[in-house]
Amino acid sequence: MKAMMMFICMLLVQGMAMANNRINGRVVEDNDASPLIGATVVLSDESGKQVMGVTTDTNGRFELKEVMTGDYTLQCSYIGYDTFTLVLKQLERNMDLGEIRLKSASEVLDEVVVEGEKVIQKIDRQLVMPTSAQKRAATNGISLLQHLQLPNLSVNAIEKTITTNYGESVQLRINGVEVTQAEVIAIRPEDVIRVELHEQPGLRYGGAAAVIDYIVKRRESGGNVSADLTNSVSPLGFGNYQMSAKYHYGKSSFTALAQWSRRDLEWNRENEETFYYPDKVITNRETVAAPNRIKYDYLNTSLNYNYTNGEKSMLNIAFRTDVKDIPSGFTDRNTILHQEDKEYEVKDREQSETYIPSIDVYYQLNMKNDQHLYFDMVGTYLKSNKQRTYSMAEASQSPVEIFSKTEGDKYSIIGEAIYERPLWKGKFTTGMKHTQSTMDNVYDGDALTKVSMNTAETSLFAEYQSKVGKLNYTLGVGALRTFYKQGNVSQEKYFFRPTLNLSYSLGKVFLRYNANMSGYAPSLSALSNVEQGMDAYQVRRGNPNLKSATYFTNRFSATYRNKWMNVDLSARYSYDDKPIMEETIFENGKVVRTYDNQKGLHRLMCQTSIQLHPFKDYLSISLNPFFNRYISQGNTYLHTHSNWGFRGNIVCIYKHWVFMADLNTSYHDLEGETITKGESIHSIALGYNKEKWAIQMLLWNPFTDDYHQGIENVSRLAPNKQVAFSKDFTRMIMLNVSFNLSFGKQKQIAGRRIENSDTDTGILSGNK
């Protein structure tokens, strides 16, 4: 009996020994040994099955308890860093691994690194590592981008918008997840590991002109509250306000965000137009009778719930609302129309309201061998109301009046799935996206008209990225199907979408080439067969017979970097075949402005980006001259236009102080018969930033009293020029106050990779 008891005790002791092994260590950054908070530590058995996993604490420490004796593989991972892997054979005792240093993921991939610079050039993107001074001087993700002075990007300090130097919108992401402008503003600069600039994004990004991806550290627990508040001091009718809050509990996290933009400023418009009728010529010139007001309120809110199951999966549910109330807008005018020896009083007023609630369900699944699946489903409802009142009156005559009112309802659903995995020596990505929409618009005015449309768009793609020697390449192939139905009229078209990205390294010189082909369908408003009056002389009409168009794009760039200077030369040529552009005709004594599939549209865009940084972070200068050339080939017209311009920026950083100055000349665009001339602006800003708060004073156009934008139509039948200007946009003083307060510990959470939205109401506008 005694022997039996001893035997049982030995078994119990052995079992306890097998189950009481511990593995501990500390995960730190390779460069400065700073702790990586919320890094994931996973222990897997011989079959690759996960046995247990933990995240590191505020000191970067971790501990795996009650590990059975056996063979294991331990992996430490953190977003933005290379994964550390350690094979443990016959683990049968406690093990202290000491410091585990993770290198930035950029450091272990094929790259072009310039000594003294924190910029890494890759085939598909630039990796920019902000310095501590740049982070300290920034208040949010937008201002950090201003300090980085990335090539071929333009940052509007007032509106906090980001575009390419070609005027195209930029897709924003955080840790690979597409986000809104408000979410970027809520970023803590000190959490940013690096910023990735995709200048030639492939099919994976849905045809975006450029992509900015902020790679940030993750919180382990607790949360933060942030605000970014901007208001004009003179005048007082300009404000951008944002509040956000985040909280983490266990595997769940909650986010609430609200952004409000308001405008109440004076705005003036002047027009000059000529109508070449078959039997006469009429010239109208409009001068300002009284200032108009730009007045609107935009309110965006979001509630987000996130559930993360370790490294296996993630569920994200977001409810968003976008509300726009515009009692008076940019198109309003109060003018005196001069026609030979006659004068008329012209009043044009428009009011609109839009309400867009949406729900977004996202699921991410991470599998063995670095395979990933991403699913996104978005349902959206768009409710819109719009009305316009136009009158032209002579003192002794009855006025000419035009009234129109539109009410719209639109329902849409967007579904997307993407699969990624390593393949051979590269990376393979494939995906599919489908959009289905139903729209009902009721037009009321001279006649009551109801327009119902059904549209669908389906795209598929596959991309493979790899390298041969110093040549990196990405090959992509895709297909796009568009479908449209209005009444008994329907249209279906298919597009082939190939892409090619090449890059080659020549020491400090990096060469890139991109080519792609795709297509686009007509907008819902352009397809509408509704006719709306513009004024006493013109009407606007859609064209349900429009066909989809095909476009081709080529881009070449060369980048040179050294310790003191970065130079980027780029040129892009694009051609639209059968583009959907305007057409002007005479019909029943009226000028009809409509749309048609024209012959072609050529765009040649060249620019140089020069960044000088002679005193490290203390002084940075960006110089960006550009040249654009347009050729618009219509069925009945041929127009050309050239535009020279310049963008410049200076950033000075000293301790907690930052000084910035910007200069941007007017950017022009020609499409169809219309030349759009953007604003010429300059600004000066001085700010003081502490760890958790910042204050900044900004002067908008301090050296001029001439702020204007313009549109010129060069039609041979009805050419016109429109100039909009405002004294309120000159010598404007802005004050910005921001804070970002954290509480509790930190918790790592996974990030979503895809996001979709729908904001197209499909309403045809009769505005000039």
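Points to keep in mind about this one:
- Among the GluC sites (Glu not before Pro) within segment 629-704, those in coil by DSSP and having at most 13 neighbouring Cβ atoms inside 10 Å are 691.
- Antiparallel DSSP beta bridges within the chain, percent to nearest 5: 95
- Distance from the C-alpha centroid of segment 332-406 to that of segment 197-218: 29 Å, rounded to the whole angstrom.
- Label-point separation, residue 96 to residue 366 (7 Å along Cα→Cβ), nm: 2.9
- Cβ-based charge dipole, the chain, positive-most Cα from 50, 439, 378: 50
- Partners of residue 690 within straight-line reach, counting lysines whose Cα lies under 22 Å from its Cα and excluding those fewer than 8 residues away in the same chain: 135, 160, 217, 246, 616, 655, 745.
- From helices alone, the chain scores -1500 deg cm²/dmol at 222 nm; the rule is -39500 (n - 2.57) for each run of n ≥ 4 DSSP H residues, then divide by the residue total.
- Amide H within-cut-off set for residue 210, under 5 Å, with H built and near neighbours excluded: 171
- In plain terms, the chain from residue 85 to residue 156 could stretch by 21.2 nm, reckoned as 0.36 nm per residue minus the Cα-Cα distance.
- In a simple Cβ point-charge model (Lys, Arg +1; Asp, Glu -1; nothing else charged), the chain has a dipole of about 2140 debye relative to its Cα centre.
- Segment 271-293 versus segment 148-162: alpha-carbon centroid distance in Å: 37
- Distance between the modelled labels on residue 618 and residue 705, one decimal in nanometres: 4.0 nm (7 Å Cα→Cβ projection).
- For segment 355-474, alpha-carbon Rg and Dmax in angstrom: 24.9, 82
- As a proxy for reagent exposure, 342, 410 were ordered by neighbouring Cβ count within 10 angstrom, fewest first; the result is 342, 410.
- Net charge dipole, segment 19-105: roughly 100 debye, given to the nearest 20, about the Cα centre with Cβ charges of +1 for Lys and Arg and -1 for Asp and Glu.
- Annotation: extensible slack from residue 723 through residue 682 equals 12.8 nm (criterion: 0.36 nm per residue apart, minus Cα-Cα distance).
- In this simple spin-label approximation, residue 290 and residue 444 carry label points 7 Å from Cα along the Cα→Cβ vector, and these lie 2.7 nm apart.
- Peptides 43-52, 733-742 ranked from most to least packed by the mean count of surrounding Cβ atoms within 10 Å: 733-742, 43-52.
- Vicinal HN-Hα couplings computed from phi for segment 285-295 (Karplus, 6.51 cos²θ - 1.76 cosθ + 1.60; Hz; Gly/Pro x): 10, 10, 10, 5, 8, 7, x, 9, 10, 8, 9
- Computed from the Cβ-Cβ distance with R0 of 45 Å, the FRET efficiency linking residue 359 to residue 44 stands at 0.80.
- Given their separation in residues at 0.36 nm each and the Cα-Cα distance between them, residue 345 and residue 307 gain 7.6 nm when the chain is fully extended.
- Charge-dipole axis of segment 223-743 as Lys and Arg at +1 and Asp and Glu at -1 on Cβ define it, positive-most pick from 283, 680, 610: 610
- 3J(HN,Hα) from dihedral phi, segment 335-342, Karplus parametrisation 6.51/-1.76/1.60, rounded to Hz, x for glycine, proline: 10, 10, 8, 9, 9, 6, 9, 10
- Inter-part distance where segment 528-545 and segment 429-500 are each reduced to a Cα centre, Å: 26
- Each peptide among 346-352, 61-67, 578-584 gets the average number of other Cβ atoms lying within 10 Å of its residues, and from highest to lowest they stand as 578-584, 346-352, 61-67.
- Packing-based ranking, highest mean first, of 309-321, 167-179 given that Cβ atoms within 10 Å are counted: 167-179, 309-321
- Between the helical axis of 2-19 and the longest alpha-carbon principal axis of the chain there is an angle of about 30 degrees.
- All lysines inside 28 Å of residue 493 as judged from Cα atoms, apart from same-chain residues fewer than 8 positions distant: 410, 433, 450, 485, 547, 578, 599
- 3J(HN,Hα) along segment 158-164, derived from phi through the Karplus expression 6.51 cos²θ - 1.76 cosθ + 1.60 where θ = phi - 60°, amounts to 7, 7, 6, 10, 10, 9, 6 Hz, with x in place of Gly and Pro.
- Straight-line reach from residue 692: taking Cα to Cα under 20 Å and skipping same-chain neighbours fewer than 8 places apart, the aspartates and glutamates in range are 183, 190, 191, 220, 228.
- Dipole-positive endmost among 631, 205, 64 within the chain (Cβ charges, Cα centre): 64
- DSSP bridge orientation in segment 19-105 - percent antiparallel, rounded to nearest 5: 80
- Quarter of Cα convex hull surface for the chain, i.e. mean projection, nm²: 37.4
- Using only alpha-carbon positions in segment 494-590, the gyration tensor eigenvalues give semi-axes of 44, 18, 9 Å once each is multiplied by 5 and square-rooted (largest first).
Where a number appears in this text, it was derived from the coordinates with a stated rule and is not lab data. Computed from a prediction, not measured in an experiment: that's the story for all the values here. Here Cβ is always computed from backbone atoms with ideal geometry, including for glycine, and neighbour counts include all displayed protein chains.
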